[in-house]
Amino acid sequence: MYEFTPTAQLRDVTMRDGLQLTGKMLSTDRKLEVIRRMIALGVPSLEIGSMARPDVVPPMANTLEVIGELTAAELEKCWVWVATPRHVDKAAAAGARNFQYCFSASDSHNKANIGRTTEVSLAAMPDAADIARSVGGEMQLCIATSFTCPFEGHIPEQKVLAIANDARASGATDIVLCDTLGQAVPAQVSSLLSRVAAESPKRRIVFHGHDTWGLGVANTLAAISAGATMVDGSLGGLGGCPFAPGASGNTSSEDILFATRPQWFGPESLASMVEISEKLLAELGEPIRSKTVQGARSNAKAFDWVI
């Protein structure tokens, strides 16, 4: 199988980050179908929606309905994007238990994305964490623009480390480091993740990458080698941030899985995932950016992974 070691768990973010830039809505039933098919394939973790305002990010409008239809066992594998204590409260009331509390390392992007400064977002995090704990849930500290910002350029590592070490973020069980624009290179990813692992409180490190400059998989592998035990991807490389000019799709889930070869993933799993991807992206009118999906449809019939 050639499993990549050290190992990391994939979190598929199609239903949140993947859908953000699309011009078409998916019904609650269609989202549930994709989520449940991915869980059945063995995908260990998924991001299923966002509490962002539906007038700002319309594809997220039915997130609460999706949460409400999932079982408690299914929700154990699912994460919801939140940015305020009120978001956590509303998602928790619907049944969510895993919350990704997100804000940006750069004020400029945080103001564009969330409408407030980084300091205001950080100051509200203890209240958000308290709500999560009150329902037996977990919260991640998610730092967008951890490497570069579309408005401010390069983000110094020390800025990210200061957030990681801030006492107000102590309620987080995980820290998510986001290459929001896909502009990082592997050595940069290794450097920041290694420093976060060595110089901040011990918790699970998650890497969220984009493939804008073609280094999504390389950066993901660098992140795993540097200590990430969860990595994000989306079906067919769908996605991008509507408030980050220049950002294109997420790193493809299929590409990450083909590179890392977790024990639950093989040619049959890939074939099923390709079918899900192709149908979904055609429905959305989006291109398939995954090289693995393209390869799986090639004429190299002697290769076990070709469909």
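For Ser170, the criteria (1) farther than 20 Å from Ser50 by Cα; (2) touching a residue at least 60 places away in the same chain (Cβ under 8 Å) hold in every case but one, which is (2). Of all residues in segment 243-268, those that are in a loop (DSSP other than H, G, I, E, B), hydrophobic (A, V, I, L, M, F, W, C) and at pLDDT 95 or above total 2.
Considering only segment 145-162, how many residues are closer than 15 Å to Leu192 by Cα and acidic (Asp, Glu)? Total meeting the criteria: 1.
Would segment 159-166 turn up any residue that is over 25 Å from Gly240 (Cα atoms) and part of a loop (DSSP other than H, G, I, E, B)? Yes, segment 159-166 contains a residue that is over 25 Å from Gly240 (Cα atoms) and part of a loop (DSSP other than H, G, I, E, B).
β-branched (Val, Ile, Thr), buried (at least 19 other Cβ atoms within 10 Å of the Cβ), within 28 Å of Ser108 (Cα to Cα) and within 18 Å of the chain's Cα centre (by Cα), is that true of Thr251? So Thr251 passes the test. Looking only at segment 5-41, residues that are surrounded by fewer than 16 Cβ atoms within 10 Å (Cβ to Cβ), assigned to a loop (DSSP other than H, G, I, E, B) and modelled with pLDDT of 95 or more come to 4 in all.
Of the strands (runs of 3 or more DSSP E) contained entirely in segment 45-138, not one carries at least 2 residues that are touching a Cys at 6+ places or on another chain (Cβ under 9 Å) and surrounded by fewer than 20 Cβ atoms within 10 Å (Cβ to Cβ). Regarding Gly240, is this residue modelled with pLDDT of 95 or more and either in a loop (DSSP other than H, G, I, E, B) or buried (at least 21 other Cβ atoms within 10 Å of the Cβ) (or both)? Judged against the criteria, Gly240 is not a match. Residue pairs whose Cβ atoms lie under 8 Å apart, separated by 6 or more positions or on different chains, with the first residue in segment 1-12 and over 10 Å from Thr260 (Cα atoms) and the second charged (D, E, K, R) and buried (at least 16 other Cβ atoms within 10 Å of the Cβ), are Arg11/Glu47; Arg11/Asp232; Asp12/Glu47; Asp12/Asp232. Residues that are surrounded by 16 or more Cβ atoms within 10 Å (Cβ to Cβ) and small (Gly, Ala, Ser) were ranked within segment 140-158; the one that is nearest to the chain's Cα centre (by Cα) is Ala144. Restricting attention to segment 58-102, the residues being hydrophobic (A, V, I, L, M, F, W, C), over 16 Å from the mean Cα position of the chain (by Cα) and under 23 Å from Ser121 (Cβ atoms) number 9. Taking segment 262-307 as the range and being surrounded by 15 or more Cβ atoms within 10 Å (Cβ to Cβ), closer than 25 Å to Pro6 by Cβ and either among the charged types (D, E, K, R) or within 22 Å of the chain's Cα centre (by Cα) (or both) as the test, the residues that pass are Pro262, Phe265, Ser269, Leu270, Met273, Ser290, Lys291, Thr292. Restricting the first member to segment 193-222 and to residues that are over 23 Å from Gly18 (Cβ atoms), and the second to residues that are of a type in the set (D, E, K, R) and at pLDDT 95 or above, the beta-carbon pairs closer than 8 Å and six or more apart or on different chains are Arg195/Glu157; Arg203/Asp174.
The values are calculated or read from the model by the stated rules, or taken from the named source; none is laboratory data. None of the values given here were measured: they were computed from a predicted structure. Note that each Cβ is placed from the backbone with ideal geometry, even for glycine, and that neighbours are counted across all protein chains shown.
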